[in-house]
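Q: My questions all concern the structure below.
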Amino acid sequence: MSALEKTPVSRLSPISSPRFTALPPLSLYIHIPWCMRKCPYCDFNSHEARGSVPEQDYVAALTADLDQALPLVWGRKVMSIFFGGGTPSLFSPHSMDAILSMVRARLPLAADAEITLEANPGTFEAEKFRAFRATGINRLSIGIQSFSPRHLTALGRVHDEHEARRAIEIARGHFDNFNLDLMYALPQQTPAEARADIAAALEYSPPHVSSYHLTIEPNTWFHRYPPPVPDEDAAALMQDAIEETLVARGYEHYETSAFARSGARCRHNLNYWTFGDYLGIGAGAHSKLSFADRIVRQMRFKQPGQYMATAAQGKAVQQEQQVGAREVGFEFMMNALRLTGGFEASLFAERAGLPLNVVFDELEEAERRGLIVRDHQRIAPTPQGRRFLNDLLQIFLADTP
């Protein structure tokens with residue numbers, strides 16, 4: 001079942017299907033499902049690499065998958081590409097070059113397209129990442145998570161503090177634009193330790209930092225065997241300290257978990273937050289695509305073997321469904337209200353294909369409760385709305401399914 005199917009419908013007034021005069025920007029997401037070890041907190045579609053990874057077969061499957069999807073996006077320019085996982089940096093530069101060459105041969109790519117590769121410190125080799133840069137990848141997102149040996153062990157990470165620092169040094173040598181992923185509210189972590197992780201990251205002046213609260217997700221080892229994590233008050237202290245430190249050092253807190261120096265916002269993720277379109281290829285990848293009179297969501301088969309087999313048959317899509325008008329308002333708000341500066345009011349009609357008045361009652365309620373501020377030009381979450389984002393989004397859901 002897709003995430004959309006599990007989402008209650010919003011309390012939108014009855015209305016016809018979305019209508020678009022111009023389609024939203026388009027991004028491409030490419031999922032590489034293998035990793036060196038499955039982390040105990042991870043609920044992504046990732047699979048431990050046991051033996052050699054079938055890179056050549058997987059590249060062939062991605063090619064077949066994209067060929068199947070081309071009629072849905074024909075002629076549309078791709079603004080960004082994101083290789084996610086798993087650990088995409090397990091693949092060789094040769095395979096990455098083959099994938100990007102295949103994409104360029106089939107889709108028009110913006111001249112300044114942002115092309116991001118997720119990488120974990122245990123996969124870093126200087127020559128390998130120099131070769132990744134030569135393929136056209138121009139941004140790295142490095143999964144550091146922590147610089148503390150104790151917390152890295154608790155998170156099941158395969159790298160240590162020294163490998164983390166070495167990875168950042170290599171990244172800085174080949175990429176002007178890179179992100180460091182960090183987590184807080186880790187098992188038995190103190191606020192001082194969370195601040196120490198941020199201080200260690202800032203030693204390298206990264207253009208972008210993502211700081212995520214560790215959450216215990218269903219179907220993970222941590223859900224089955226919960227570790228001792230900080231309580232809500234301690235986690236809030238960590239969050240406040242991290243945000244204050246980064247802002248004081250010149251980072252813009254532009255999205256719930258994202259901080260960037262000038263010009264370094266993640267354009268691919270911004271397309272998600274502003275309800276742009278994305279085509280997802282690869283095992284378990286999701287797509288959200290707009291057409292003149294509808295929005296469609298897709299999900300590929302999750303298991304790598306099954307995905308490769310179905311892609312070869314031209315049937316990689318496991319689920320496809322049209323997003324109902326009653327669901328569009330909630331989905332838009334679920335993304336756009338993550339932006340600390342909010343969104344221009346006109347963006348709703350542009351990206352949702354519906355007039356803003358279909359969520360008038362919900363916006364009135366959110367404003368009354370002090371969770372948003374708005375005028376005729378812009379709608380934005382207040383500090384309280386950002387802190388209690390789930391409560392804010394709940395307003396756009398039905399009281400009963």
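The values are calculated or read from the model by the stated rules, or taken from the named source; none is laboratory data. Quantities reported herein were computed from a predicted structural model and do not represent experimental measurements. Backbone-built Cβ (ideal geometry, glycine too); neighbour counts: all protein chains shown. Heads up: the accessible areas ignore ligands, DNA and RNA and are worked out on the full protein's heavy atoms, side chains in. Shrake-Rupley method; radii C 1.70, N 1.55, O 1.52, S 1.80 Å.
Q: Being open to solvent by 10 Å² or more (accessible area, probe 1.4 Å) and either more than 19 Å from TYR41 (Cα to Cα) or of a type in the set (Ser, Thr, Tyr) (or both) narrows it down to one residue among ARG195, ARG139, ARG157; which is it?
A: None of the other options fit; the residue is ARG195.
Q: Could you tell me how many of the residues in region 66-80 are touching a strand residue (DSSP E or B) at 6+ places or on another chain (Cβ under 6 Å) and at positive phi?
A: Qualifying residue count for the region: 0.
Q: Another one. Go through region 66-117 and give me each residue that's under 30 Å from SER52 (Cα atoms), of a type outside the set (A, V, I, L, M, F, W, C), touching a residue at least 40 places away in the same chain (Cβ under 8 Å) and not in a helix (DSSP H, G or I).
A: SER80, GLY84, GLY85, GLY86, THR87, GLU114, THR116 - these are the residues of region 66-117 that are under 30 Å from SER52 (Cα atoms), of a type outside the set (A, V, I, L, M, F, W, C), touching a residue at least 40 places away in the same chain (Cβ under 8 Å) and not in a helix (DSSP H, G or I).
Q: Something else about it: Output the qualifying pairs, or none if there are none: Cβ atoms under 9 angstrom, residues six or more apart or on different chains, first residue in region 127-142 and in contact (Cβ under 8 Å) with a residue 12 or more places away in the chain and among the polar types (S, T, N, Q), second residue open to solvent by less than 10 Å² (accessible area, probe 1.4 Å) and part of a helix (DSSP H, G or I).
A: Partner pairs satisfying both residue conditions: THR135/MET96; THR135/ILE99; THR135/LEU100.
Q: Restricting to region 187-231, name every residue that is touching a strand residue (DSSP E or B) at 6+ places or on another chain (Cβ under 8 Å), assigned to a loop (DSSP other than H, G, I, E, B) and not hydroxyl-bearing (Ser, Thr, Tyr).
A: If the condition is that a residue be touching a strand residue (DSSP E or B) at 6+ places or on another chain (Cβ under 8 Å), assigned to a loop (DSSP other than H, G, I, E, B) and not hydroxyl-bearing (Ser, Thr, Tyr), then PRO206, PRO207, LEU214 are the ones that fit.
Q: Follow-up question, since we're still on this one. Tally time: how many residues in region 39-57 are under 20 Å from the mean Cα position of the chain (by Cα), open to solvent by 70 Å² or more (accessible area, probe 1.4 Å) and either farther than 21 Å from PHE124 by Cβ or at pLDDT below 85 (or both)?
A: Summing the residues that are under 20 Å from the mean Cα position of the chain (by Cα), open to solvent by 70 Å² or more (accessible area, probe 1.4 Å) and either farther than 21 Å from PHE124 by Cβ or at pLDDT below 85 (or both) in region 39-57 gives 1.
Q: Take region 359-380 and flag every residue that is part of a helix (DSSP H, G or I) and open to solvent by less than 10 Å² (accessible area, probe 1.4 Å).
A: Correct list: VAL359, GLU362, LEU363, ALA366.
Q: Take THR190 and tell me if it is within 17 Å of the chain's Cα centre (by Cα), open to solvent by 10 Å² or more (accessible area, probe 1.4 Å) and not basic (Lys, Arg).
A: For THR190, the condition - within 17 Å of the chain's Cα centre (by Cα), open to solvent by 10 Å² or more (accessible area, probe 1.4 Å) and not basic (Lys, Arg) - is not met.
Q: Output the residue which, of all residues in region 22-50 that are among the small types (Gly, Ala, Ser) and assigned to a loop (DSSP other than H, G, I, E, B), is nearest to LEU66 (Cα to Cα).
A: SER46
Q: Taking ALA309 and the conditions (1) open to solvent by 10 Å² or more (accessible area, probe 1.4 Å); (2) touching a His at 6+ places or on another chain (Cβ under 9 Å); (3) under 20 Å from SER46 (Cβ atoms), which numbered condition does it fall short on, given that it satisfies the others?
A: Single failed check for ALA309: (2).
Q: Additional query: Can you name the residue in region 97-136 that is open to solvent by less than 10 Å² (accessible area, probe 1.4 Å) and under 20 Å from ILE198 (Cα atoms) and, of all such residues, is modelled with the highest pLDDT?
A: Per the stated criteria, the residue is ALA119.
Q: Within region 336-356, restricting attention to residues that are in a helix (DSSP H, G or I) and free of Cβ contacts under 8 Å to residues at least 40 places away in the same chain, which residue is surrounded by the most Cβ atoms within 10 Å (Cβ to Cβ)?
A: My answer is PHE348.
Q: Working only within region 267-297, note down all residues that are assigned to a strand (DSSP E or B) and open to solvent by 10 Å² or more (accessible area, probe 1.4 Å).
A: Answer for region 267-297, where residues must be assigned to a strand (DSSP E or B) and open to solvent by 10 Å² or more (accessible area, probe 1.4 Å): TYR278, HIS286, PHE291, ARG294, VAL296, ARG297.
Q: Residues in region 236-248: is at least one surrounded by fewer than 21 Cβ atoms within 10 Å (Cβ to Cβ), among the β-branched types (Val, Ile, Thr) and within 17 Å of SER262 (Cα to Cα)?
A: Yes, the conditions are met somewhere in region 236-248.
Q: For residues that are assigned to a loop (DSSP other than H, G, I, E, B) and touching a strand residue (DSSP E or B) at 6+ places or on another chain (Cβ under 6 Å), scanning just region 164-186, find the one that is most open to solvent (accessible area, probe 1.4 Å).
A: The qualifying residue most open to solvent (accessible area, probe 1.4 Å) is ASN177.
Q: Turning to a different aspect of this structure: Would you check which residues across region 200-235 are within 18 Å of TYR251 (Cα to Cα) and surrounded by 12 or more Cβ atoms within 10 Å (Cβ to Cβ) and list them?
A: ALA200, ALA201, LEU202, TYR204, PRO206, PRO207, HIS208, VAL209, SER210, SER211, TYR212
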